[in-house]
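Okay, structure first, notes after.
The values are calculated or read from the model by the stated rules, or taken from the named source; none is laboratory data. The structure displayed is predicted, hence computed values, not measured ones. Cβ atoms come from the backbone with ideal geometry, glycine included; neighbour counts cover every protein chain shown. Areas reflect the complete protein model, heavy atoms only, side chains present, ligands, DNA and RNA absent. Shrake-Rupley method; radii C 1.70, N 1.55, O 1.52, S 1.80 Å.
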Protein chains: 2
Amino acid sequence: MTVTGLEVNEDLVNERAKCNFNLEEVTNIIDGGREKTLQRKQIEEIALNNDAYKDTIPEECLSMKERYEKAIKNSCLFTSVVKEKVLEINGMESLGSPVLRHTSEAYFKEISPFLLHLGMFVPTIMGQCTPEQRDYWLPKALDFQIIGAYVQTELGHGTFIRGLETTATYDPETEEFVLHSPTLTSYKWWAGGLGKTANHCVVLAQMSTKGKCYGIHPFIVQIRDLETHMPLPGIKVGELGPRMGYNTADNGFLAFDHHRIPRQHMLMKNAQVEKDGTYVKAARHEKLTYGTMVFVRVTLVHDAAFNLAKAVTIAVRYSAVRRQSQPKPDEPEPQILDYPTQQHKLFIHIATSHALVLTGEWLWRTFTAVLADMKKGNVNNLPELHALSSCLKAVSTSDSALGIEECRYACGGHGYMMSSNLPSIYSYVVATRIYEGDYTVLLLQTARFLVKAWEQAQAGKQLTPTVAYFSQALKNGKETWDGSAESIIKSFQRIAAGKVSACVNNIKEHIKSGMSYEDAWLKTTVQLVAAAEAHCRTLICSVYWEEVTRLTASSSPNVKIVMTQLSMIYLVYWALRMTGDLLRYTSISEKDLDDLQRKYEELLTLIRPNAVGLVDAFDIRDEILRSSLGSYDGRVYERLVEETTRTPLNAEPVNQSFHTYLKPLMQGKL
Amino acid sequence: MTVTGLEVNEDLVNERAKCNFNLEEVTNIIDGGREKTLQRKQIEEIALNNDAYKDTIPEECLSMKERYEKAIKNSCLFTSVVKEKVLEINGMESLGSPVLRHTSEAYFKEISPFLLHLGMFVPTIMGQCTPEQRDYWLPKALDFQIIGAYVQTELGHGTFIRGLETTATYDPETEEFVLHSPTLTSYKWWAGGLGKTANHCVVLAQMSTKGKCYGIHPFIVQIRDLETHMPLPGIKVGELGPRMGYNTADNGFLAFDHHRIPRQHMLMKNAQVEKDGTYVKAARHEKLTYGTMVFVRVTLVHDAAFNLAKAVTIAVRYSAVRRQSQPKPDEPEPQILDYPTQQHKLFIHIATSHALVLTGEWLWRTFTAVLADMKKGNVNNLPELHALSSCLKAVSTSDSALGIEECRYACGGHGYMMSSNLPSIYSYVVATRIYEGDYTVLLLQTARFLVKAWEQAQAGKQLTPTVAYFSQALKNGKETWDGSAESIIKSFQRIAAGKVSACVNNIKEHIKSGMSYEDAWLKTTVQLVAAAEAHCRTLICSVYWEEVTRLTASSSPNVKIVMTQLSMIYLVYWALRMTGDLLRYTSISEKDLDDLQRKYEELLTLIRPNAVGLVDAFDIRDEILRSSLGSYDGRVYERLVEETTRTPLNAEPVNQSFHTYLKPLMQGKL
C-alpha cells in the first residue's frame, strides 16, 4: 500500500469517538496478556519497518514462477531479519509462536516456502532424533545450511496414515535403508517447500527389516545437491501445479527409485534398527509424539481465530465507510453497518474469533497439564486430550472458513477483489480445514471417545472433566430453561449428551438386528459427526464464557460489559441455530424462543457502537492485513482506484492482442 | 487434458454396471426434452472437436496479462465457430441459450471478455433502442464490428441503482449529452470486457435536461478508437486488477471528463429527449423492462444448477475411485463413496441441481405466461414474478456455492488443486451470488411482497398462486405431520406462513411502541430475510416434487423410482434442517423426527448404487468439466501426475532463485 497521508475516513473517526471501552485492555486479553502484546509489537517493529518486502505489482498479476521467485526472495529477507534480530531479542521460543508467523504474512500474501522448514522439519528433528542425531542436524537446520521439508502424505493416502505405501527396507550388507515408491499412488504429495526449495526432508515410510514390516517410521533424506541444487540420483521431485492457495509454497511431489540412505538417517529416538537389522522399540513413544500433533492443532485453532479476526476487521471497517440505499426518503444513505442484517452477518464473527483464541489458549494449558501428568506416568487424560484437540481443530477451522466467507459477502462486490485480501484469507483457512486431519475423520475420532465415555457414565464410572456433564444428563430428563448464559450452556450439554445417547442406542439396535459393531458404527456415522459437533460447540461455549469471566475479573467496567455482550451473543446465536434440539431436550417454550430472538437483536444494537473499536482491538497492522477495504484509515475507494495503477495490464493503453486478434475479427479478416 | 487411451478406472466400470436406470431419459429431463439434448450435443460437436482452444500450460501458471491475451485469442476462436457454424444451424435464439455459454467453458476456464457483449450489450440494444437505433447498432454488434460492454455499477453504488452518480446532461446548443463522473465514487466499476477489450458500451447515467434530473437512463458510448483502440479524449478506462475469479474478463473502470455524445446515442425506446431538450416518457416502460432482468435471473438459476452439477459430478466420480481407511480389519480399503458421511455430503447436491434446473424452467414458463398477460394489459401477477425471481436468484446461487464447497471438501486435499476445477467453479458461482442483486437485498424485496400478501390474506382477499397457502395457514393451527412428501411440503408452507406472520406482528408491535414503519421494518429485517428464505425453500420443494411427478409420468419405472428418491431426499434433508420450525408449527413428534432421520439414511443407501449413473446423466463432457478428478475415465492419479509435467516451474530442475538467494543464504553470504 502506498496511499499516504494521515487523513482518516470521517465515518471511522466518528466510530472511534463513539467507542466506550479501553482498546488496549481487550488487545491484551486476546494476545494472552500485556507482556505478549508488547513482545508482539516489538517483533512487528523489527520485521515491518522497512520497504524491501513490499509489493510493487499485485502478486496475482505475476506468473506462478515469478510468484515463487518473489517468495524465495522475501523468505530470505524475512529469515535474515529473524536470525539477526528477533531470535537475538526474543529467544528461540519466539520461533514457534504464532506471532512470528502472523508477522511474516506481511512478506507473503500466500505462504513462504520455508514455512515447514521451521514449522515441521525443525520440530521433528527436535522431537524424533537421538541426542547424537539432534546435535548433528539441528544446528545446520537452524542456521539454514540445510532447508527441509516434512514429507508424509502420498497421492493415494492422507489422513489414513497406516495406508502409506512408500517403503524403507533395511539392507544390513551396506548398512543402508532403501527408499522406494512402489506405485503411482505412493508418490509423496503436498509437502510444502518440497517442489523446488528443500534440499533435505523428513520422509515417513513403511520400514522393513529382516523381512518384517514395522510400520511407519521417519527418515531424514537429502534430496538435492547442496552445491548445484540438482535432484540426487534415484530422486524424482517437482512442483504440483497451481492450487487454490499456497501457490508460493512450492508444494511438491517426491518419488524414490531404490534410493539408498545411511542407516543412521532413520530418526531413532523412538525406535532403532541396529547394524545387523535388529529392531528395538523404545517404551512409551506413541504417547509422547502426541506433543507435536497437539502443538500443531493448537496452532491451527489460533490461525483460525486470527484469520477470522482479519476478515471481520476488514468487513466491519468497510461497513462503517460504505453507505448504501435509502430506507427513509429524504435522509442520507446510512452506513451499511447500521443495517441489522449487516450486524447479524458480522458481529458473531468478532465473538467467534474471541471464542476460538481463548479456547485455543485453554487447550494449550490443558495439554501442558496432561503432559506434566504423563511425565509422572499418568496417561489417563490422554484420550480426552486427543478427542478435544481433534474436534476443536475441525470445528474452529470450519467456523472460521464459513465466517470469512460471510465477511466477504458482507463486503459485496468489492470483497471479490483480491486487493480486499478476503479471497486469500479464505483460501488459506480452507486448506487448514483439510490438512492435519480431515473434518469428518477428526470428528469421528472425537465421537469414538464420546461413545466410550457415555458407556462409562452408564456404568456409573467417574468421567474426565470435559464429559463430566454426561453423568448429569443421565439423571435428568429435560434441562430447565431460563435463558441465562448458564442455562444455555447446560442446555447445550443436555443436547450433546442426548445426541451421544441416541448414537449409542442406534449402534445397539443395529447390533441387535445382526450387524457387526463396525457396520453398526458406520451406519451411525452421520449422527456421530453431529454428536461430536454438538459436544465441541458445548465445550467452546462453556470455555469462552468462563474465560471471559475470569479474564475480565479485574478489567475496567466497560471492557467487562462489552466482552460479556460478545460472549453472550455467541451463546444466543448458537441457541437460535439449535431451536429443534432445544425444543427436544429442554423445557424451552415458544415464548422463550421469541424472547431469545429479541435478546439477540438487542445484543446487536448494544454491540453496534463499539463494533469498530472491537476490530481495532485486534490490533492488526495494515502491512499484515493487506486489504484495500480494511485499512485503518478507511480510505477504501482511494485505495481501490490506486490499485488499478499497479496492474501491468494498465501499463499500456492497448494490449497487443488488439492487433493480432480483435481488429482482424472486427474487420472480418480473422 | 492429453491423457489418452480408452482405459477406464475399474471402480467406475463396476459402478456403471450397477446403475439400474436409463441414463438418457434422465439427461433429457434435465436438458428440457429430447430435442434440447440433441441440440446441445450438436453444438458441442461443432465447438469442441478441435484442439486449437486447448491449454498447454495450466492457465493459473500464466501472468494475468498472458491469461487475458489467451482469453482474447480463444474468444475470437469461439466467435468464429459460433458465427460460422452454430448460428447457421441453430439460429439466433441459440445465442441466448445456456448451452452455448456452457459449451464455451471449454474455451475459458474463467470467463470470456466477450461474455457481456452477447449477454448484456446486444440484449440491451435489442430491448432499449428505437427501431432506427436498433437498425443502426444491432448488425454491427452481431457481426462484432463493434464490441460492447454493459456499464452500470459504480465504485460507490451497486444494487441501489438510484444512488448512481454519473451524469448525462443535455446541451441543446450542440444537441449532445455531456457525460461526466463528478466524484471518485462515481467511477464506473466492474463491467466485464470494459477494461481492455470493448470499444463501445451501454452506460447508465442520471439524465438531466432543461435543468431537471429524470433519473437513470441508458446511453451508447464509443470509448475507444476503432482503428487504434486508444481511449477517446475525455475517457479514462482500465482494468480493475486481480479478482477471486473472472480474471480473464477484463472487468474495468470508466470515468468521464465532460465527454460529449450525440443526442441520438441515448437509447430512446422508453423515453426520448427531443432536440430542444424536452423530455418525453413512453407509457408502461417500467413493466416491460422486467423482461431482461427476469431473463438474466433465470439464467443465473440455470448456471447455479449447472455448476453444482459439475461439482458433484467431479466429487462423486472421485469418491468412487478414491479408496481410504480400513473400518474393518483384514478387508480392503473401501471406496469412500461407501461411507454414509460421504453420501451425506454429496447426494443432496445431485438433488439440489435437479431441483434448481427444474425450478428455473418453471420460473421461465411462469414468466412467459405473465408476459403474455401483460401484453393484454393485465399486470396483476407482476409483483409475484418479481418476488419469485428475486428469492430464487438469491437462494439458488447461495445453495449452489455452499454445495460446491461441500463437494470440494469431499475431495479432500486433491479438491484444493486448481486442476480439479472445483476452486474455479466456486469462484464463478460466488460472484453470481453477489452481482445482479445482493442476496440479502433480494430476499428483502421478496419479504416486502410476502408481508403485503399476508395482510391481504388477513383481509380475506384472493392471493396469487405462490402465496395461496397463506389463506390455509390462517385457518389452521399446527399442520398435521404424516411424513409423506405432501405433508412435508404443507409443513414447510405452514412454517413459511408462520414466519411471515411473526414478522408482520413484530412490525406492528414496533409501530405500536412509537416507531416509524421504516424503522419497524428495519428492526425486523433479520427475521424478514429468514421468512423469505423459508418461502423460497417451500417453493423449490413443491415445484421440484410436482415437476418430477409430471416429467416422469411416462418414464420407465426405474427412472421414476430414482428421480422420486432424489426429490424425496431433498424434502427430508430440508426437514431435518428445520426441526425447530417443525416442532413449532406442526404436530411432528420426537419419534417422527427419529423416523425422519432413519428415512434419510435409507434414502442414502437406496441412491448409492445409482450415484455414478446419476452424475453421468448430467452428461457434461470432459472438455467442459476440465477436472483431473472428475473425468469420465476416472484416471485421477494419472492425471494429477501428468499435470505436474505441464507447470513451467518444473520445466527446469533448478530455479534461478537458488543461485541468487537460497545458496547465499545457506552459505551465510546473504
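Among the numbered conditions (1) more than 10 Å from chain A (Cβ to nearest Cβ); (2) among the small types (Gly, Ala, Ser); (3) part of a helix (DSSP H, G or I), the only one that B:SER627 does not meet is (3).
Residue pairs whose Cβ atoms lie under 8 Å apart, separated by 6 or more positions or on different chains, with the first residue in segment B:522-539 and within 7 Å of chain A (Cβ to nearest Cβ) and open to solvent by 10 Å² or more (accessible area, probe 1.4 Å) and the second at pLDDT 95 or above and outside any helix (DSSP H, G or I), are B:LEU522/A:TYR339; B:LYS523/B:MET515. Checking each residue in segment A:142-168 for being in contact with a His (Cβ under 7 Å, 6 or more places away or on another chain) and within 11 Å of chain B (Cβ to nearest Cβ) picks out A:ILE146, A:ILE147, A:GLY163.
For segment B:375-387, does any single residue satisfy the condition of being more than 23 Å from the chain's Cα centre (by Cα) and either part of a helix (DSSP H, G or I) or at pLDDT 95 or above (or both)?
Yes: segment B:375-387 contains one or more residues that are more than 23 Å from the chain's Cα centre (by Cα) and either part of a helix (DSSP H, G or I) or at pLDDT 95 or above (or both).
Yes or no, residue by residue, for (1) within 11 Å of another protein chain (Cβ to nearest Cβ); (2) within 29 Å of the chain's Cα centre (by Cα):
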{"residue": "B:TYR426", "(1), (2)": "yes, yes"}
{"residue": "B:THR440", "(1), (2)": "yes, yes"}
{"residue": "B:THR446", "(1), (2)": "no, yes"}
{"residue": "B:PHE449", "(1), (2)": "no, yes"}
{"residue": "B:LYS452", "(1), (2)": "no, yes"}
{"residue": "B:GLU455", "(1), (2)": "no, no"}
{"residue": "B:GLN462", "(1), (2)": "no, no"}
{"residue": "B:SER491", "(1), (2)": "no, yes"}
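Could you tell me which of the residues B:LYS83, B:LYS36 is closer than 24 Å to B:LEU116 by Cβ, out of contact with any strand residue (DSSP E or B) (no Cβ under 9 Å at 6 or more places or on another chain) and open to solvent by 20 Å² or more (accessible area, probe 1.4 Å)? First the steps, then the outcome.
On the way: B:LYS36 fails: closer than 24 Å to B:LEU116 by Cβ.
One residue alone meets the criteria, B:LYS83.
Could you please let me know if B:SER542 is under 25 Å from the mean Cα position of the chain (by Cα), polar (S, T, N, Q), part of a helix (DSSP H, G or I) and farther than 24 Å from B:SER471 by Cα? Don't jump to the end; show me each part of the working.
Numbers: under 25 Å from the mean Cα position of the chain (by Cα): yes; polar (S, T, N, Q): yes; part of a helix (DSSP H, G or I): yes; farther than 24 Å from B:SER471 by Cα: no.
When the stated conditions are applied, B:SER542 does not pass them.
Does segment A:576-596 include one or more residues that are assigned to a helix (DSSP H, G or I), surrounded by fewer than 16 Cβ atoms within 10 Å (Cβ to Cβ) and more than 10 Å from chain B (Cβ to nearest Cβ)? The answer is yes; a qualifying residue exists.
Sort out which residues of segment B:237-250 are within 10 Å of chain A (Cβ to nearest Cβ), of a type outside the set (A, V, I, L, M) and in a loop (DSSP other than H, G, I, E, B), and write them in order of number. Break it down into steps so the answer makes sense when it comes.
Applying the first criterion (within 10 Å of chain A (Cβ to nearest Cβ)) to segment B:237-250 yields B:237-247, B:250.
Filter again for of a type outside the set (A, V, I, L, M), leaving B:238-239, B:241-243, B:245-247, B:250.
B:GLY241, B:PRO242, B:GLY245, B:TYR246, B:ASN247, B:ASP250, listed by residue number.
Kindly list the number of the only condition in (1) more than 30 Å from the chain's Cα centre (by Cα); (2) open to solvent by 30 Å² or more (accessible area, probe 1.4 Å) that fails for B:GLN222. Single failed check for B:GLN222: (1).
Note on segment B:181-212: among residues that are in a loop (DSSP other than H, G, I, E, B) and of a type in the set (Lys, Arg), the one that is least open to solvent (accessible area, probe 1.4 Å) is B:LYS196. Tallying residues that are open to solvent by less than 40 Å² (accessible area, probe 1.4 Å) and among the aromatic types (Phe, Trp, Tyr) within segment B:618-664 yields 3.
The residues in segment B:57-75 that are within 21 Å of B:ASP143 (Cα to Cα) and open to solvent by less than 30 Å² (accessible area, probe 1.4 Å) can be counted, and the count is 4.
Taken over segment B:292-310, the residue count meeting the criterion of being of a type in the set (S, T, N, Q) and open to solvent by less than 10 Å² (accessible area, probe 1.4 Å) is 1.
Counting only helices (runs of 4 or more DSSP H) that sit wholly inside segment B:12-126, those with at least 2 residues that are within 11 Å of chain A (Cβ to nearest Cβ) are B:64-81. Residues satisfying the criterion are present in segment A:214-236 (criterion: within 13 Å of another protein chain (Cβ to nearest Cβ), of a type in the set (Val, Ile, Thr) and under 28 Å from A:THR130 (Cα atoms)). Residues of segment B:311-343 that are among the charged types (D, E, K, R), surrounded by fewer than 24 Cβ atoms within 10 Å (Cβ to Cβ) and in contact with a strand residue (DSSP E or B) (Cβ under 8 Å, 6 or more places away or on another chain): B:ARG323, B:GLU333.
Restricting attention to segment B:378-411, the residues being over 21 Å from B:ALA534 (Cα atoms) and within 14 Å of another protein chain (Cβ to nearest Cβ) number 8.
In the set (1) open to solvent by 10 Å² or more (accessible area, probe 1.4 Å); (2) at pLDDT 90 or above; (3) more than 28 Å from B:VAL237 (Cα to Cα), B:ARG134 fails one condition alone, (3).
Would you tally the residues in segment A:540-559 being of a type outside the set (Ser, Thr, Tyr) and without any contact (Cβ under 8 Å) to a residue 40 or more places away in the chain?
First pass over segment A:540-559, keeping only residues of a type outside the set (Ser, Thr, Tyr): A:540-541, A:543, A:545-548, A:550-551, A:553, A:557-559.
From what's left, without any contact (Cβ under 8 Å) to a residue 40 or more places away in the chain: A:546, A:550, A:553, A:557.
Residues meeting the conditions: 4.
Of the set (1) within 23 Å of A:ARG639 (Cα to Cα); (2) open to solvent by 10 Å² or more (accessible area, probe 1.4 Å); (3) not in a loop (DSSP other than H, G, I, E, B), all apply to B:GLY215 but (1). Here A:THR446 does not fit the description of being more than 29 Å from B:SER424 (Cβ to Cβ), in contact with a helix residue (DSSP H, G or I) (Cβ under 6 Å, 6 or more places away or on another chain), modelled with pLDDT under 95 and not acidic (Asp, Glu). Within segment A:642-670, residues that are farther than 15 Å from B:ARG224 by Cα and more than 7 Å from chain B (Cβ to nearest Cβ) reach partners that are at pLDDT below 95 and surrounded by fewer than 16 Cβ atoms within 10 Å (Cβ to Cβ) with beta carbons closer than 6 Å, at six or more positions or on different chains, in the pairs A:GLU642/A:VAL3. Applying the set (1) surrounded by fewer than 24 Cβ atoms within 10 Å (Cβ to Cβ); (2) more than 27 Å from the chain's Cα centre (by Cα); (3) without any contact (Cβ under 8 Å) to a residue 60 or more places away in the chain to B:VAL237 leaves exactly one unmet item: (1).
Can you find, within segment A:256-271, the residue that is nearest to the other protein chains (Cβ to nearest Cβ) among those that are open to solvent by 10 Å² or more (accessible area, probe 1.4 Å) and in contact with a Lys or Arg (Cβ under 8 Å, 6 or more places away or on another chain)? Show your work before the answer.
Restricting attention to segment A:256-271, the residues satisfying the condition of being open to solvent by 10 Å² or more (accessible area, probe 1.4 Å) are A:257-260, A:262-265, A:268-270.
Pick out the ones that are also in contact with a Lys or Arg (Cβ under 8 Å, 6 or more places away or on another chain) and you get A:257, A:263, A:270.
On the way: A:ASP257: 15, A:ARG263: 26, A:ASN270: 23 Å.
My answer is A:ASP257.
Scanning segment B:225-240 for residues that are charged (D, E, K, R) and more than 15 Å from A:ARG646 (Cα to Cα) yields B:ASP225, B:GLU227, B:LYS236.
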